[in-house]
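All remarks here apply to the structure that follows.
Read-outs: derived from the displayed coordinates by stated rules, not from any lab. Model, not experiment: these values are computed from the prediction. Backbone-built Cβ (ideal geometry, glycine too); neighbour counts: all protein chains shown.
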């Protein structure tokens, strides 16, 4: 089955726009905006499979050739799951002891008059899945999972001085398309990198070997002097590429459709592949950041290798904007970044480089010393890693230079030879490449004479103040107490923000007291956000006064980042056994007005209660919160937080500290649904009886809500009540709620009722669908329903293939026999059948063109229930607008054989419950207590984790096989014409 993509490519050559063009032909096909040129400056055989690029301090181009991909040399796969995560037979040894691979790090130099490199030499060969590199400190840092290596070259002769030093061990090697990547220096002197989605890293922090940092997705950093390792931020998907804007903010790439980037800030949490990895490693984040909001997205769902353009030769509209590769669209786009409080918004800026060649695979983008942009082109007919077999074309690869008219040709240079004064002068260069290199060299040189000059420059009001501060902070005695104090008064908000960050990162405890007063006066959202990030890292006694002042700023509640950043700082200091000290409580909530502050009321109060209750449902501070709440709104927020913490749990009686508080709540707010829900969960008898009476009473308001509360706690008296009430009610919403509640119980009374053919045959088709949803979660009741179909008491045509396929996963012989007897063989086609079907579809599409307009109607009927295209349809499955739609071969393979590769965020899971149910669908929400699953009928089921026997990913796609079998040949052509069409013009 894994050979199918290759078969498709052989069958469908007429559909590919690009077919392995030569470098010269590929260059001619490029489309760029007026004034730009795109030129191939390096190509095969000089370089192949370029993954990452960098310029050194002499202006030479370094290229990492990722030739060993996708499998490490010397290792054997033991197991591999549907995410292509592989368990290898051993941990490879670091160079030079391990098996040599094919990767190499190559230096290109001696460009001709057109900038085309005439010579190259390898700095190191034999690397084995080296996924990133960075130049600095007299050598080269190389990410070769599971290691971070350092190759010293102190004399600069382009030959390693010896074997590499192993700096870190434990980077994930599970999935070789999502390894540690994109190494580069942060402005603070840390070495930063990204981590992809499906490789799990477990890094022993060299500065504290007992500390193991585990993560799958995020931005990490390592300090070469202190040997400290940290996860800078967690989440973000399969990130490849990160850059720092001129203010030192991290902008990172993404593989989420319709979005182009993330703004990653210190200590924050971002959306990740929850279905694969479960919740964030901290289960008490109670929220996470999404991608940068984006308008008018264009292209495929993989945006990688991007930079915030800080050159000086492109048109000014592109300055400080995000330029990034789009792997699936064979293009480079630029994106507009706009400040939005402490973060950004984004929109499509324009096309920058369109290859008009489906083999063009841009993966990395860098700024050059002359202000141009260089693009690494992997160049391959394959874009996806769905086929684990190594069929990648390793004979080619290119580097393009994207240049604007009038860009001056730079003379040869060597920054190492420049004086300290000259390097300081470069800190004000208009091209950010020169500023970064000057910073790095000044820090490495550590000339004491530079310190007073840099200190003076930090008083400037221009970019040079930041550059000087970043440089100074990395030098010995660079950031003094007196100087740091002055920096907190700087006129530039970004200088003030970095002063806060550096004070805390460098653990200047003597300055912590200043930050509380500073937080009360600061007005910049950027600075306040950094205060929240830094408060998370400070000792609790120093952090709480800062946090309190952040909460007191009412305007902070409207910022996109500040509420959650403030909560995460609070949560960090609530995570011990006490949860929240009495002193901190008194600081947070000293007066009734403090409860009503927008930040506290909208974001924090509920989370405080939830965190306390997660430590202990009877936590001693919970009654105090309820008792001292100044009004009903505040009490209810506390109750909501407690409910969220104990969701999926039930108690025989309230925990002792909560018993009196609960009775008081019921007196004050007897009709509030959240209060009642809490009382029912705590086993309060009168509230349970009240909910039962509400549910029984015809015409009573909130009957469905009462039922939901009772079903959550599995009241034993409920099955009989459900069976009694269902036939009497005409309320369609309530009937649906009753059927959903019935599915929770494994009870003979319910089964017999639902399988009563007399009322079932007379029921509406919608009711029968809901009944099947309840019955088909267990093999025995599913078989009994199909027996009624077999006996012609129920119509067979109502049961869809989407309902039947999950039943085969029970591996129940009686059920399987009954399904085949009624509906024939509905299992997946064999690999041979799929191959034949793929070939047949290829011939159909080759015969003549389809009609996109007619194809839209075919799409709406057959695909739109799960997929969206051009803004129409549902998003249960991937949004096809950002898919690799121009690749007809890939489209056919994915439609005919949808289970051959499933994007990780759309892998369905099988939830097996302790009472024998099986629920299959997408995991759309997880909490420490519950899991919510969305099925193919767009219905959600929330399961308590205590009720789960296991939750495992399925190798079967939610998308059915044989989707095309019900279509005529013209309909197939029309469908593909619509799928490959251009978006409608606005």
Q: Let me know the Rg and Dmax you get for the range 196-328 when you use only its Cα atoms, in Å.
A: 15.9, 51
Q. Is the range 425-506 rounded, prolate or oblate when judged by the Cα gyration tensor, a ≥ b ≥ c being the square roots of its eigenvalues, rounded requiring a/c under 1.5 and prolate requiring a/b larger than b/c?
A. oblate
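For the range 702-823, what is the convex hull volume of its Cα atoms per residue in Å³?
In the range 702-823, the Cα convex hull volume per residue is 105 Å³.
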Q) Quick one, what does Rg over Rh come out to for the range 781-884 if you take C-alpha atoms and the Kirkwood Rh? A) 1.07
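Expressed as a fraction of 2.2 N^0.38 Å, the rule-of-thumb size for a compact globular protein of N residues, what is the C-alpha radius of gyration of the range 479-573?
Values: Rg = 11.9 Å, N = 95, 2.2 N^0.38 = 12.4 Å.
Cα Rg divided by the expected 2.2 N^0.38 Å: 0.96.
Determine the gain in length on full extension of the stretch residue 697-residue 509; use 0.36 nm per residue of separation and subtract their C-alpha separation, reporting nm with one decimal.
Numbers: separation 188, 0.36 × 188 = 67.68 nm, distance 6.40 nm.
Extra length available between residue 697 and residue 509 comes to 61.3 nm.
Kindly provide the helix-only [θ] at 222 nm of the chain, computed as the sum of -39,500 (n - 2.57) over DSSP H runs of four or more divided by all residues, to the nearest 500 deg cm²/dmol?
-10000 deg cm²/dmol
If I take R0 = 35 Å and measure r between the Cβ atoms of residue 413 and residue 80 in this structure, what FRET efficiency does the formula 1/(1 + (r/R0)^6) give, to the nearest 0.05?
On the way: r = 49 Å, r/R0 = 1.39.
It comes to 0.10.
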Q. Of the beta bridges DSSP finds with both residues in the chain, what % are antiparallel, to the nearest 5?
A. 95
Q: Calculate, axis by axis, the spread of Cα positions in the range 831-979 along the three principal axes, and write the results as whole Å, longest axis first.
A: 56, 35, 23
Q) When a footprinting reagent is the concern and you count Cβ atoms within 10 Å, what order do 348, 494, 97 take, fewest first? A) 97, 348, 494
Q: Would you please give the FRET efficiency between residue 940 and residue 752, computed as 1/(1 + (r/R0)^6) with r the Cβ-Cβ distance and R0 = 25 Å, to the nearest 0.05?
A: 0.40
Q) Ranked highest first by average number of other Cβ atoms within 10 Å, how do 910-922, 686-698 line up? A) 910-922, 686-698
Q: Report the FRET efficiency, 1/(1 + (r/R0)^6), for residue 860 and residue 801, where r is their Cβ-Cβ distance and R0 is 22 Å, rounded to 0.05.
A: 0.70
Q. Rounded to two decimals, what is Rg over Rh for the range 535-612 when you use alpha-carbon atoms and the Kirkwood radius?
A. 0.92
**Q.** Ranked 47, 826, 547, criterion: other C-beta atoms within 10 Å, fewest first
**A.** 826, 47, 547
(Q) Rounded to two decimal places and with Rh computed the Kirkwood way over Cα pairs, what is Rg over Rh for the range 250-342? (A) 1.01
Q) Could you give the nm distance between label points at residue 652 and residue 787, where each point is 7 Å from its Cα heading toward the beta carbon? A) 3.8
Q) In whole Å, how far is the Cα centre of the range 673-725 from that of the range 601-637? A) 24
Q | Tail weight of P(r) past 18 Å, computed on alpha-carbon pairs of the range 306-427, percent | A | 62
(Q) Give me 364, 669 sorted ascending by neighbouring Cβ count inside 10 Å, so fewest comes first. (A) 669, 364
